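Enquirer: Dumping the structure here so I can ask a few things about it.
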Amino acid sequence: MIREYKKPIIPSDHGGVAKADLELLGRHLAAENSQDMTGTLATLAEDCVFDDRALGIKYYGKEGARRYYESWWGAFDIVTQSDRRYFTSEGSVIAEARYEGVHRGEFLGISATNRRIEIGLAVIITFSGGLMSGERFYWNVASLLTQLGMDSIPEQARTAMAAREGAH
């Protein structure tokens, strides 16, 4: 079951970020939180880059973004809540957010635990040509593993992470 997504309010002072880009980001988040792959990918540039700094993996292009979303959506009934947003003069959005959900499928080689998770993260979002050109995520793998009942990084997670790294 997907949790309720609370639509963030676009502030009147949004620095160097174009209002159209912020509206695009709103559409992206709405599609992402309803796990609408077509709608989510429609907001991304063909050459977008998803950079998961916690796992050390980059996903290139829309197909890479699809793999990124499939890995999270297949494992968690997750929703992203934006807690705070900051805007840069260069036209990027930096957000503090939370992933909230329940672990329903395999992730990093760990079978579903049906445990509730909440992961704090920071994300830097860039835009180009009226689309999102990238997202760079910073989050804590140890926090997720602890919430899934692991006291250390299990060998199957290490193996899965290594395999993903090779799949750029």
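The values are calculated or read from the model by the stated rules, or taken from the named source; none is laboratory data. Not measured: the values here are computed from a predicted model. With ideal geometry, Cβ positions are generated from the backbone for all residues, glycine too; neighbour counts draw on all protein chains shown. Each accessible area value is taken on the protein alone, full model and side chains, heavy atoms only, with ligands, DNA and RNA left out. Shrake-Rupley method; radii C 1.70, N 1.55, O 1.52, S 1.80 Å.
Enquirer: To the nearest 10 Å², what's ILE124's accessible area with a 1.4 Å probe?
Expert: ILE124 has an accessible surface of roughly 40 Å² with all protein chains in place.
Enquirer: Follow-up. Leaving ligands, DNA and RNA out of it, rank ASP47, ASP77, ASP36 by accessible area with a 1.4 Å probe, largest first.
Expert: ASP47, ASP36, ASP77
Enquirer: I've got another one for you. I'd like the accessible area for ASP21, computed on protein heavy atoms only with a 1.4 Å probe and all protein chains in place. Round to 10 Å², please.
Expert: Rounded to the nearest 10, that gives 30 Å².
Enquirer: Using a Förster distance of 22 Å, how high is the FRET efficiency between ALA20 and ALA54, based on the Cβ-Cβ distance and rounded to 0.05?
Expert: Step by step, r from the Cβ atoms, then E = 0.15.
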